[in-house]
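Trainee: Here it is: the structure, laid out below.
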Amino acid sequence: MISYGRQSINEQDIEAVNQVLNSDFLTQGDMVTTFESALCSMTTADHCSVTNSATSALHLACMALDVSTGSLVWTSPISFVASSNCALYCGATVDFVDIDYHTHNISIEALRIKLDALDKAGRKLPDVLIVVHMAGLSCDMKAISELSIQYGFRIIEDASHGIGASYQGKPVGACEYSDLCIFSFHPVKIITTGEGGAVLTNRKDLDEKIKRLRSHGVSRDPDLLSCTDPWYYEQFELGFNYRLTDIQSALGVSQLTRLNEFIEKRRKIARQYFEMLPHEHFELPNVGGSELSSWHLYIIKLKCADNREASRRSIFSGMREKGVGVNVHYIPIYKQPYYQRLGFSSQYCEVAERYYQGCLTLPLHPSMTDQQFEYVVDSLRELVK
Ligand SMILES: *Cc1c(COP(=O)(O)O)cnc(C)c1O
């Protein structure tokens, strides 16, 4: 099966991990800070905390912004469930803002209308907005940031797909228009640490809180402690063990040196798909534009027709039968049984529904060969004939 995404591990990556395995510290050693510094340099963000997953990174990002019972958090329905679960962990209420059909990102227009309606009705406005850079294409952060100033909410970027992408000439993760930005290092994402994530921010106060919360809420900082005994530590908050190991961090440092190579290859495949796929049957993601995607996913949409849902189903099954691991990203979060029990209607967001009926993810990853690429294109052409 040609999978829709997978890791690329080379000898350099393996050697980096081996070195840590032969060293004194497997966790809480130097590699963690080395990885964090490398992520800061790459993104230009001032602070970085790596975590054992993007899900924990999102949880800590919400906690850093004091999301708790009574808070309202908005996000996009077309994302992985973790983008909204993180707010539920904190006891907050979650709501969804519909997407833009073409970018697959949160719709600025829908966001503006929803904010304006609630504001006029004197209802509660969101405390935090979690935006998702779908497939690695940055949301329009400047417009979102302007709305955040007007309506007074905080912004977390879920850039699980977005490491290596850029927005207005700056790397995603620079946090120019957000409070915090998170990355995922799951093997299917752009670079990997096995499992892993990171939170980037330009705010020192948020970073300090995140670093404490990822390690049980405990501090050994002499300035904070009430006692000078050398063995002393104090727990200030209810934290977690969300740490990334040195083994994983070493892999991350090595993978990060290969980021440009990965992104180049992904962009090349995306351009080739745009040239080779039948435009009469599918809407293809736009390759140009100033917002340079990292191309975590290549998502095509069947053009609207009466039998669209059935066609997608048969193309999906046909591709899988031919050994092409197509996928669907994502089922709108509010359709999940857990979210249905929270009271969301099954057709809650109109555009997300239309998107979900016709979307299909094609294989795209740096270790994909030309033969595999051609096989995917030929298989798809055959099925739509
Ligand atoms: C993968 C993903 C996550 C969760 O990442 P983990 O590192 O697996 O916890 C969160 N949000 C989005 C959009 C993702 O794609």
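Trainee: How many of the residues making up segment 319-356 are free of Cβ contacts under 8 Å to residues at least 40 places away in the same chain and either among the aliphatic types (A, V, I, L, M) or in contact with a Leu (Cβ under 6 Å, 6 or more places away or on another chain) (or both)?
Mentor: Selection size over segment 319-356: 2.
Trainee: Of the numbered conditions (1) assigned to a loop (DSSP other than H, G, I, E, B); (2) within 20 Å of the chain's Cα centre (by Cα), Leu360 fails exactly one; give the number of that condition.
Mentor: (1)
Trainee: In this structure, is Glu374 open to solvent by 60 Å² or more (accessible area, probe 1.4 Å), in contact (Cβ under 8 Å) with a residue 24 or more places away in the chain and over 19 Å from the mean Cα position of the chain (by Cα)?
Mentor: no
Trainee: Collect the residues in segment 1-17 that are touching a residue at least 60 places away in the same chain (Cβ under 8 Å), of a type outside the set (D, E, K, R) and outside any loop (DSSP other than H, G, I, E, B), keeping them in residue-number order.
Mentor: Ile2, Ser3, Gln12, Ala16, Val17
Trainee: Being open to solvent by less than 10 Å² (accessible area, probe 1.4 Å) and under 14 Å from Gln248 (Cα atoms) is the filter here, so list the residues in segment 40-53 that pass it.
Mentor: Ser49, Val50, Thr51
Trainee: Suppose we filter segment 1-29 for residues that are among the acidic types (Asp, Glu) and in contact with a Ser or Thr (Cβ under 9 Å, 6 or more places away or on another chain); how many remain?
Mentor: Within segment 1-29, residues that are among the acidic types (Asp, Glu) and in contact with a Ser or Thr (Cβ under 9 Å, 6 or more places away or on another chain) number 2.
Trainee: Being within 12 Å of the ligand (Cβ to nearest atom), within 20 Å of Asp66 (Cβ to Cβ) and open to solvent by less than 10 Å² (accessible area, probe 1.4 Å): is that true of Ile130 here? Even if it seems obvious, please write down each step before you answer.
Mentor: Details: within 12 Å of the ligand (Cβ to nearest atom): yes; within 20 Å of Asp66 (Cβ to Cβ): yes; open to solvent by less than 10 Å² (accessible area, probe 1.4 Å): yes.
For Ile130, the condition - within 12 Å of the ligand (Cβ to nearest atom), within 20 Å of Asp66 (Cβ to Cβ) and open to solvent by less than 10 Å² (accessible area, probe 1.4 Å) - is met.
Trainee: Taking only segment 83-112 into account, find how many residues are closer than 28 Å to Cys359 by Cα, open to solvent by 10 Å² or more (accessible area, probe 1.4 Å) and part of a helix (DSSP H, G or I).
Mentor: Of the residues in segment 83-112, 6 are closer than 28 Å to Cys359 by Cα, open to solvent by 10 Å² or more (accessible area, probe 1.4 Å) and part of a helix (DSSP H, G or I).
Trainee: Taking into account only those residues within segment 194-242 that are of a type in the set (Lys, Arg) and within 25 Å of Ala174 (Cβ to Cβ), which is most open to solvent (accessible area, probe 1.4 Å)?
Mentor: Ranking the candidates gives Lys204 first.
Trainee: Let me ask you something else. Answer with yes or no whether Cys181 is open to solvent by less than 10 Å² (accessible area, probe 1.4 Å) and within 21 Å of Leu244 (Cβ to Cβ). Break it down into steps so the answer makes sense when it comes.
Mentor: Details: open to solvent by less than 10 Å² (accessible area, probe 1.4 Å): yes; within 21 Å of Leu244 (Cβ to Cβ): yes.
In short, yes.
The values are calculated or read from the model by the stated rules, or taken from the named source; none is laboratory data. Remember, predicted model here, so these are calculated numbers, not experimental data. A quick note on method: Cβ atoms are made from the backbone with ideal geometry, for glycine too, and the neighbour counts reach across all protein chains shown. We work out accessible area using only protein heavy atoms, side chains counted, and drop any ligands, DNA or RNA first. Shrake-Rupley method; radii C 1.70, N 1.55, O 1.52, S 1.80 Å.
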